[in-house]
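Reviewing the structure listed below.
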Amino acid sequence: MAAPLDMEPSALSLELLPTDPLLLILSFLDYRDLMSCCYLSRRLNQLSSHDPLWKRHCKKYWLISEEEKSQRNQSWKAIFISTYSDLGRYIRYYATLKKAWDDLEKYLGQRCPRMIGSLKESVREEDLDAVEAQIGCKLPDDYRCSFRIHNGQKLVVPGLMGSMALSNHYRSEDLLDIDTAAGGFQQRLGLKQCLPLTFCIHTGLSQYMALESVEGRNKYEIFYQCPDQMARNPSAIDMFITGTSYLEWFTSYVNKVVTGGYPIIRDQIFRYVHDKECVATTGDITVSVSTSFLPELSSVHPPHYFFTYRIRIEMSKDALPEKACQLDSRYWRITNAKGDVEEVQGPGVVGEFPIISPGKVYEYASCTTFSTTSGYMEGYYTFHCLYYKDKFFNVTIPRFHMVCPTFKVSTARMVNGDAVVKTLLVQKETNHNEYAADEDEDSTDTDEYEDRRRVLDIPAPGGCCPRHT
């Protein structure tokens, strides 16, 4: 018999669903909603405590492995709750930073093992709270989270945040532990409320994080300080920007390291960047170039942007033995952002005349400066064959570009004795001719102090790379 037309079907209660469909629905909930279900009804309380539901959240937010669960001898839900009670304020950042640290440790363990020993154990919440009370500023949660995993490193060489060596100039940046960073917290004009993140014991160079939006900086912006040498005001400090937040700054650096974006030389991380298109092959010889910007040797006022480049010359292992040859000379064509061209030619490289044979590699480092924020170099090497002494040929050096990082000009400059407020954000690809006004020389090929890989050992501290030798 048909039901009367005026009768409506009874509403289906969620709790009337069988257990398996309900568990499937609950498996799509975030941890907050899953926890809320505990308070809705007795049945949902029981089902939301189903341990496999919490396994996904433990792995997603805390990176807890099956092995670690076995060692802790707790349920997945108990592990999630206990970890949340300790690290809950960092749940947005923890998995990303923990993975970065884990990847970095694994990579360094294989390639730079002595650096692992310099890493310091994590700090406690109360330690971070004490630092905030000491400096009178709040630390960003992503920074605090990272230090709950590792408290930076000891002041040793090599530094975790990368090295650079050229002639008698050497830089190696340590990631500062929280107490050392707090001791270097700045309140002076030009660096007000800035916390050092890194430090190089050879150059005194640091990367700072702005804890407040003052003096033209954005809150949590990370930068290298660059004193304005043309301003009368000693607090006039320009900034080369290296990050917009601690999370972005640290994880992008780690990604460069663990993906091989930065070469490992002499058990150290060197911050050379290689453009995959910056490769040229002439016959059996391939030339590739990587570059790096050196903030500690650069300035915005006066405009002086210092770059180093690392060149790799390799002959194919399949080349015939009679293809062995020796480098005689180099030719450079150097172009700045204004289109001004300088040509340089000279004997050898590094004062040497390397011999290249099948399967052999020759590498060296050199540097150049620009009075504009960008420029590029290209050229060729001239070789002669060892088996045919009178046979000469040129090998192309691919064009490689050098671009100054984004920078900000100081907000406090002195012009004719008066303070002038001036903030200027310079993007990487912009040509800034106004900053090139008082520069007589634009760029210099400095093969006079080029260096092969063997000299990338740590030189004596102090000193800087000379413009001419």
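The values are calculated or read from the model by the stated rules, or taken from the named source; none is laboratory data. Everything numeric here is computed off the predicted structure, so don't read it as measured data. With ideal geometry, Cβ positions are generated from the backbone for all residues, glycine too; neighbour counts draw on all protein chains shown. SASA here: full protein model, heavy atoms, side chains in, ligands and nucleic acids out. Shrake-Rupley method; radii C 1.70, N 1.55, O 1.52, S 1.80 Å.
Some values worked out for this structure:
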item	result
Residue tally, condition without any contact (Cβ under 8 Å) to a residue 24 or more places away in the chain and assigned to a strand (DSSP E or B), over the range 319-343	2
Residues of the range 39-60 classified as part of a loop (DSSP other than H, G, I, E, B) and surrounded by 12 or more Cβ atoms within 10 Å (Cβ to Cβ), total	4
Scan of the range 233-260 for residues that are surrounded by fewer than 19 Cβ atoms within 10 Å (Cβ to Cβ), farther than 18 Å from GLY216 by Cβ and not hydrophobic (A, V, I, L, M, F, W, C), ordered by number	GLU248, SER252, ASN255, LYS256, THR259, GLY260
Meets criteria (open to solvent by 20 Å² or more (accessible area, probe 1.4 Å) and part of a loop (DSSP other than H, G, I, E, B)) for LEU189	yes
Options GLY283, GLY216: the member that is open to solvent by 10 Å² or more (accessible area, probe 1.4 Å), outside the structural domain of LYS154 (by the TED database) and of a type outside the set (Phe, Trp, Tyr)	GLY283
Residue in the range 268-276 that is farther than 30 Å from ILE313 by Cβ, more than 14 Å from the chain's Cα centre (by Cα), open to solvent by 60 Å² or more (accessible area, probe 1.4 Å) and not hydrophobic (A, V, I, L, M, F, W, C) present	no
Unique residue being free of Cβ contacts under 8 Å to residues at least 24 places away in the same chain and not in a strand (DSSP E or B) when the list is GLU248, GLU215	GLU248
Hey, SER288 among the polar types (S, T, N, Q), surrounded by 16 or more Cβ atoms within 10 Å (Cβ to Cβ) and in the same structural domain as TYR381 (by the TED database) or not	yes
Filter pass, LYS391 being at pLDDT below 95, surrounded by 13 or more Cβ atoms within 10 Å (Cβ to Cβ) and of a type in the set (D, E, K, R)	no
Qualifying residue in the range 106-123 (condition: acidic (Asp, Glu), assigned by the TED database to the domain that holds GLU221, assigned to a helix (DSSP H, G or I) and modelled with pLDDT of 95 or more)	no
Pairs, first charged (D, E, K, R) in the range 344-365, second surrounded by 15 or more Cβ atoms within 10 Å (Cβ to Cβ), C-beta under 7 Å, six or more apart	LYS360/MET315; GLU363/ARG310; GLU363/ILE311; GLU363/ARG312; GLU363/ARG453
Residue in the range 74-91 that is over 30 Å from LEU211 (Cα atoms), free of Cβ contacts under 8 Å to residues at least 12 places away in the same chain and open to solvent by less than 60 Å² (accessible area, probe 1.4 Å) present	yes
Residue identified as under 25 Å from LYS192 (Cα atoms) and either at pLDDT below 95 or assigned to a loop (DSSP other than H, G, I, E, B) (or both) among LEU160, LEU155	LEU155
SER366 vs. criteria touching a helix residue (DSSP H, G or I) at 6+ places or on another chain (Cβ under 9 Å) and open to solvent by 20 Å² or more (accessible area, probe 1.4 Å)	no
Single residue of ARG188, ARG171, ARG144 found to be in contact (Cβ under 8 Å) with a residue 40 or more places away in the chain and out of contact with any Leu (no Cβ under 8 Å at 6 or more places or on another chain)	ARG188
